[in-house]
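Okay, structure first, notes after.
The values are calculated or read from the model by the stated rules, or taken from the named source; none is laboratory data. Predicted model, so just to flag it, every value in this text is computed and none were measured. So basically every Cβ, Gly included, is an ideal-geometry build from the backbone, and we count neighbours across all protein chains shown. Surface accessibility is based on the protein's heavy atoms, side chains included, excluding ligands, DNA and RNA. Shrake-Rupley method; radii C 1.70, N 1.55, O 1.52, S 1.80 Å.
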Amino acid sequence: MVPARCPGPCASLALALLLGCGVAFCLGQNDTEPIVLEGKCLVVCDSNPSSDGAVTSSLGISVRSAGAKVAFSAVRGTNHEPSEMSNTSMTIYFDQVLVNIGNHFDLKASVFQAPRRGIYSFSFHVVKVYNRQTIQVNLMQNDYPVISAFAGDQDVTREAASNGVLLMVEREDRVYLKLERGTLMGGWKYSTFSGFLVFPL
């Protein structure tokens, strides 16, 4: 096995860090290519490394935890009237968390807050029940709408507004769902809201 190629003294420190993590080595393609390891560490040799979510040395090495995963999925399990939905914010609330790796989804507020900068995937499925009104649901990022979905068929008892997107998200950005148009007075049981970190930046 060959240690990651790093310029100058970076090689010795990288090797020591990897040995301390007890992980396998792999050969980098160039001096700044991140080396993905099977164990617990990721060593990046970079003259201008990011300190976001990483431990960085003066020699330009960023050591990231390969276990820093982020994912959530929330669902609406009850069908009662949305009395708790604010008339001003119109945030769509969820009452059960199925997955919350990293604990970055606040169930009470029904808001996801990003722990780090990166590319994230989000999807939602908001069901209206016995409601002949058209609804519009927005995915919000820091109070700005990013994507929308509509449900407006008046001849069905249940219909869903669904959409999904990949987003560049900054650390501490807030992502949530907002009812932009219509009401959910018939309930919104079985609605879901999910997201996960695709890769950090």
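If PHE94 satisfies all but one of (1) assigned to a loop (DSSP other than H, G, I, E, B); (2) under 20 Å from GLY77 (Cβ atoms); (3) open to solvent by 80 Å² or more (accessible area, probe 1.4 Å); (4) modelled with pLDDT of 85 or more, what's the number of the condition it fails? Tallying (1) assigned to a loop (DSSP other than H, G, I, E, B); (2) under 20 Å from GLY77 (Cβ atoms); (3) open to solvent by 80 Å² or more (accessible area, probe 1.4 Å); (4) modelled with pLDDT of 85 or more, PHE94 fails exactly one: (3).
The residue of region 147-186 that is modelled with the lowest pLDDT, among those that are basic (Lys, Arg) and touching a Phe, Trp or Tyr at 6+ places or on another chain (Cβ under 9 Å), is ARG158. Checking SER110, SER123, SER73 one by one, the residue that is at pLDDT 75 or above and touching a Gly at 6+ places or on another chain (Cβ under 6 Å) is SER123 and no other. One residue stands out in region 104-135 among those that are of a type outside the set (D, E, K, R) and closer than 13 Å to TRP188 by Cα: the one that is surrounded by the fewest Cβ atoms within 10 Å (Cβ to Cβ), namely TYR130. Would you please name the residue that is nearest to GLY152 (Cα to Cα), looking only at residues in region 169-190 that are open to solvent by 60 Å² or more (accessible area, probe 1.4 Å) and either among the hydroxyl-bearing types (Ser, Thr, Tyr) or free of Cβ contacts under 8 Å to residues at least 60 places away in the same chain (or both)? Taking the candidates together, the pick is ARG181. With respect to the stated conditions, GLU159 fails to be in contact with a strand residue (DSSP E or B) (Cβ under 8 Å, 6 or more places away or on another chain), open to solvent by 30 Å² or more (accessible area, probe 1.4 Å), closer than 23 Å to HIS104 by Cβ and not hydroxyl-bearing (Ser, Thr, Tyr).
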